[in-house]
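The values are calculated or read from the model by the stated rules, or taken from the named source; none is laboratory data. Here the structure is a predicted model, which is why all the values come from computation and not from measurement. Quick reminder, even Gly has a Cβ in these numbers, built from the backbone with ideal geometry, and neighbours come from all protein chains shown. The area values use the complete protein model at the heavy-atom level, side chains included, leaving out ligands, DNA and RNA. Shrake-Rupley method; radii C 1.70, N 1.55, O 1.52, S 1.80 Å.
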Amino acid sequence: MLDREPIEQFLAELEGRKGFSTNTLAAYRNDLTQFADYLSRGQGEAVKPVSRWREVDRDAIMSFLLYLKERQYAVTTVARKQAAIKSFFKFLVARGEVASNPGEDLASPHVDRALPQTISAGEVDRLLHEMDAAPESPEVLRDRAMMALLYATGLRVGETVALDVSDVDLKSGTVATAGRGKTRSVPIGPEANGAVRDYLSRGRPRLAHAHREGASLASGASPGDSSALFLNHRGQRLTRQGFWLILKRYAKSAGLDEISPHTLRHSFAARKLDSGTDMRDLQRILGHANISTTQVYARIGRKDERKRSAAPQLKRNAVSRG
């Protein structure tokens, strides 16, 4: 059976030196473990069982990719697994454990990247209005600050819930985040600045106090988080799952059932490009490693422009038919 330890060493390097997210690391672990299981089992005459990574050749990788396609794995999934294998063998070559990368010259499957889901500025207003209309409470002040901040900065949800109070500079109107291992400073904007200011003055202290009261009544209570910007009702750092549940509740009330935690980030990016923000500046704001990731938002603008261009003609056709 193939040794799985090199896989864990590879993942540790990705996490430590390249700042890969927890979700990406989990996906790569699953991909490489599946590949190792496939090779260890062997596939009849096509692939003989192997016990050392240096025995893996190009044909073995191609056989695995064909195996995935025959089982109707999505093209995007196959592409990710191929990328994980290629990166893993590059790591093994660098360590001197294999002589060459057997996946080096394999062409990647063509993937038509789906356009990110966005909502309009009017729909964002509807979402925020649900919080404006709710009776004021520490949780409502927090929720409006979170949503306004997310839409004003394009931060990832994970970056948002990881913020500490010290990361926000209301005087300069910026927030600092260390997402994906790189620190960047992003402008907040006046509306989000005001929402965060209200939360810090009237919401967060009450959430933190609620924890202190609970802790005084229950021995062994879990500690609060004195540094976290966004707290849950127990005074602890809000989680990604907690954010998702909050967003779902407000989105349902606003009639935006298809919204996801990443929708506000996508909507921010599309709005910035539409207002004339330079692509490189947007890449820096979003924290993308590759400009190609940012460029997908230009396709949203072109799609919307085609819709606007087609609308007058459709109207004229309708009139002529009438």
For this session: Quote to one decimal, in nm, the extra length available between D37 and K69 on full extension: 0.36 nm per residue of separation minus the C-alpha distance between them.
Result: 9.8 nm
For this session: Distance from a point 7 Å along Cα→Cβ of E55 to each backbone N in the range 80-98: keep the residues under 16 Å and list them by number.
Result: 98
Exercise. Ranked highest first by average number of other Cβ atoms within 10 Å, how do 273-284, 92-103 line up?
Worked result: 92-103, 273-284
Problem set entry | Directionally averaged shadow of the range 98-196, computed from the convex hull of its alpha-carbon atoms, nm² | 10.5
Seminar exercise, completed: Counting only protein heavy atoms and leaving out ligands, DNA and RNA, the solvent-accessible surface of E55 at a 1.4 Å probe, in Å² to the nearest 10, equals 70
Exercise. For V93, what is the net charge nearby, where nearby means another residue's Cβ is under 12 Å from its Cβ and Lys, Arg count +1, Asp, Glu -1?
Worked result: +2
For this session: Once you have the Cα-Cα distance between T174 and N290, take 0.36 nm times their residue separation minus that, and quote the gain in nm to one decimal.
Result: 39.4 nm
For this session: Could you pull out the pairs from K182/K252; K81/K248; K48/K86 whose alpha carbons sit more than 29 Å apart here?
Result: K182/K252; K81/K248
Problem set entry | Net charge over other residues, Cβ less than 11 angstrom from the Cβ of G255 (K, R count +1; D, E count -1) | -2
Seminar exercise, completed: the range 1-74: spread of alpha-carbon positions along the three principal axes, whole Å, largest first, is 40, 29, 17
Exercise. Carbon and sulfur together cover what percent of the accessible area of the range 59-108 at a 1.4 Å probe radius?
Worked result: 50
Seminar exercise, completed: Taking R142, R197 and ranking on accessible area (1.4 Å, protein atoms only), highest first, one gets R197, R142
Exercise. Given 0.36 nm per residue, what is the gain on full extension from R95 to A133 after removing their alpha carbon distance, in nm?
Worked result: 7.8 nm
For this session: Obtain the nm distance between the two label points defined at S108 and E5 by a simple spin-label model: each point lies 7 Å from its Cα along the Cα-to-C-beta direction.
Result: 3.2
Exercise. In square angstrom, rounded to the nearest 10, how much accessible surface does T294 have for a 1.4 Å probe?
Worked result: 0
